[in-house]
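Asker: Take this structure first; my questions come after.
Each reported figure results from applying straightforward, stated rules to the coordinates on display, with no laboratory input. Because the structure is predicted, anything quoted here is derived from the model rather than measured. For neighbour counting, all protein chains shown are included, and Cβ atoms are generated from backbone atoms with ideal geometry for every residue, glycine included.
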Amino acid sequence: MNDVELICFDMAGTTVLDNGLVLEAFRRTIEDLEVSPDEAESAEAYVVETMGQSKIEVFTALFGVRASTANESFERNFVESAQELGVSEIPGARSTVEPCVTWDSRWR
């Protein structure tokens, strides 16, 4: 246990109820990129299929050279959506995460 240097937690859907924020941010990103309706529909299906994977990898698969632009737009849209729609803790997440904050001092 003394070898623990880093603990990471996924957020959306794991520690935080995102209430569909990922998809909402993606839909806004599609609008920003001016993607055609047909392409938007298949892109959204791919996003749902690859949920949990790195967004930049997903955007690279979908948009190629525009992946970086898509990622920046997505990040901005996610923050804006979260501010508008809100997020909440998944029950029990806080009690799992908080002990990790003091992990270092407890295990030395």
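Asker: Just give me the residues in region 49-70 being loosely packed, with under 11 Cβ neighbours inside 10 Å and part of a helix (DSSP H, G or I), in sequence order.
Answerer: Within region 49-70, E49, G64, V65 qualify.
Asker: Please go through region 29-48 and give me each residue that is buried (at least 17 other Cβ atoms within 10 Å of the Cβ) and within 26 Å of A93 (Cβ to Cβ), ordered by number.
Answerer: Of everything in region 29-48, just one residue is buried (at least 17 other Cβ atoms within 10 Å of the Cβ) and within 26 Å of A93 (Cβ to Cβ), namely V47.
Asker: Just wondering, is there one or more residues in region 25-44 that are of a type in the set (A, V, I, L, M) and under 12 Å from the mean Cα position of the chain (by Cα)?
Answerer: Narrowing region 25-44 to residues of a type in the set (A, V, I, L, M): 25, 30, 33, 35, 40, 43.
With under 12 Å from the mean Cα position of the chain (by Cα) added as a condition, the list becomes 25.
Yes, some residue in region 25-44 is of a type in the set (A, V, I, L, M) and under 12 Å from the mean Cα position of the chain (by Cα).
Asker: Sticking with this structure for a sec: Take region 76-95 and flag every residue that is surrounded by 10 or more Cβ atoms within 10 Å (Cβ to Cβ), out of contact with any strand residue (DSSP E or B) (no Cβ under 8 Å at 6 or more places or on another chain) and either in a loop (DSSP other than H, G, I, E, B) or touching a residue at least 12 places away in the same chain (Cβ under 8 Å) (or both).
Answerer: N77, F78, E80, S81, A82, L85, G86
Asker: Given the criteria over 30 Å from E5 (Cα atoms) and of a type in the set (A, V, I, L, M, F, W, C), does V87 qualify?
Answerer: Spelling it out, it is not the case that V87 is over 30 Å from E5 (Cα atoms) and of a type in the set (A, V, I, L, M, F, W, C).
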